[in-house]
Amino acid sequence: QVQLVESGGGLGQPGGSLRLSCAASGSIFSINDMGWYRQAPGKQRELVAVIISGGSTNYADSVKGRFTISRDNAKNTVYLQMNSLKPEDTAVYYCNADVKRRRAGNAINYWGKGTLVTVSS
């Protein structure tokens, strides 16, 4: 099995910063895409940022220039540095990863359980 565990959520001030981490563990051969999604109350889950194994990134327009996604392949960990926080960033943030458990076969998509980020003064 594979587990994704997020950490780093909590209360952030408008204009402030928070850093999220997500560590993948278990039976892992390699990880392709890793990403962060979020779901605000009453809204659908949306993509925040994604990073592929080679390092290319993609961001939602709403977070471009404020959030930075990065990964440490040796640690099977993805990070989300969130700067210039806004109240509308308040949401549960979920980690997502496409994991290959063996050399042969397809990658399987996994989700973390989420971490709550609240931006408020």
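Mind listing whichever residues of the stretch 64-96 are open to solvent by 50 Å² or more (accessible area, probe 1.4 Å) and in contact (Cβ under 8 Å) with a residue 24 or more places away in the chain? Spell out the reasoning first.
Initially, the stretch 64-96 is screened for residues open to solvent by 50 Å² or more (accessible area, probe 1.4 Å), giving 64-65, 68, 73-75, 81, 83-84, 86-88.
Residues satisfying the conditions are ASN73, LYS75, GLN81, ASN83, SER84, LYS86, PRO87, GLU88.
For the subset of the stretch 41-51 comprising residues that are at negative phi and outside any strand (DSSP E or B), which member is least open to solvent (accessible area, probe 1.4 Å)?
To start, the set of residues in the stretch 41-51 that are at negative phi comprises 41, 43-51.
Applying the additional criterion that residues be outside any strand (DSSP E or B) yields 41, 43-45.
On the way: PRO41: 115, LYS43: 138, GLN44: 158, ARG45: 97 Å².
The qualifying residue least open to solvent (accessible area, probe 1.4 Å) is ARG45.
Which one of THR57, THR90, THR77 is hydroxyl-bearing (Ser, Thr, Tyr), within 15 Å of VAL5 (Cα to Cα) and modelled with pLDDT of 95 or more?
On the way: THR57 fails: within 15 Å of VAL5 (Cα to Cα); THR90 fails: within 15 Å of VAL5 (Cα to Cα).
It is THR77.
Which of the residues that make up the stretch 8-20 are open to solvent by 50 Å² or more (accessible area, probe 1.4 Å) and not in a loop (DSSP other than H, G, I, E, B)? Walk me through how you get there before you give the answer.
Narrowing the stretch 8-20 to residues open to solvent by 50 Å² or more (accessible area, probe 1.4 Å): 11, 13-15, 17, 19.
Correct list: LEU11, ARG19.
Return yes or no: is VAL5 open to solvent by less than 40 Å² (accessible area, probe 1.4 Å) and either under 22 Å from GLY65 (Cβ atoms) or in a strand (DSSP E or B) (or both)?
On the way: open to solvent by less than 40 Å² (accessible area, probe 1.4 Å): no; either under 22 Å from GLY65 (Cβ atoms) or in a strand (DSSP E or B) (or both): yes.
It is false that VAL5 is open to solvent by less than 40 Å² (accessible area, probe 1.4 Å) and either under 22 Å from GLY65 (Cβ atoms) or in a strand (DSSP E or B) (or both).
Condition (residue is touching a helix residue (DSSP H, G or I) at 6+ places or on another chain (Cβ under 8 Å) and hydrophobic (A, V, I, L, M, F, W, C)) applied to the stretch 42-61: is it met by at least one residue? Reasoning before the result, please.
Going through the stretch 42-61, the residues touching a helix residue (DSSP H, G or I) at 6+ places or on another chain (Cβ under 8 Å) turn out to be 53.
Retained after the next criterion (residues that are hydrophobic (A, V, I, L, M, F, W, C)): none.
No, the stretch 42-61 contains no residue that is touching a helix residue (DSSP H, G or I) at 6+ places or on another chain (Cβ under 8 Å) and hydrophobic (A, V, I, L, M, F, W, C).
If I go through the stretch 97-106 residue by residue, how many of them are farther than 19 Å from ALA49 by Cβ and in contact (Cβ under 8 Å) with a residue 12 or more places away in the chain?
Filtering the stretch 97-106 down to residues farther than 19 Å from ALA49 by Cβ leaves 100-106.
From what's left, in contact (Cβ under 8 Å) with a residue 12 or more places away in the chain: 100-103.
Result for the stretch 97-106: 4.
Can you find, within the stretch 21-40, the residue that is nearest to the chain's Cα centre (by Cα) among those that are hydrophobic (A, V, I, L, M, F, W, C) and part of a strand (DSSP E or B)? I'd like the intermediate steps shown before the answer.
Let us first name the residues in the stretch 21-40 that are hydrophobic (A, V, I, L, M, F, W, C), namely 22-24, 28-29, 31, 34, 36, 40.
With part of a strand (DSSP E or B) added as a condition, the list becomes 22-24, 31, 34, 36.
On the way: CYS22: 7, ALA23: 10, ALA24: 11, ILE31: 14, MET34: 7, TRP36: 3 Å.
Here the residue is TRP36.
Could you list, in sequence order, all residues of the stretch 16-47 that are among the basic types (Lys, Arg), more than 17 Å from PRO87 (Cβ to Cβ) and free of Cβ contacts under 8 Å to residues at least 60 places away in the same chain? Let's see the steps before the verdict.
Step one: filter the stretch 16-47 for residues among the basic types (Lys, Arg), giving 19, 38, 43, 45.
Those left that are additionally more than 17 Å from PRO87 (Cβ to Cβ): 19, 45.
Listed by number, the list holds a single entry, ARG45.
The values are calculated or read from the model by the stated rules, or taken from the named source; none is laboratory data. What you see is a predicted model; the values in this text were computed from it and never measured. Cβ coordinates were reconstructed from backbone atoms using ideal geometry, including for glycine residues, and neighbour counts include every protein chain displayed. Keep in mind that these areas ignore ligands, DNA and RNA; they rest on the heavy atoms of the full protein, side chains included. Shrake-Rupley method; radii C 1.70, N 1.55, O 1.52, S 1.80 Å.
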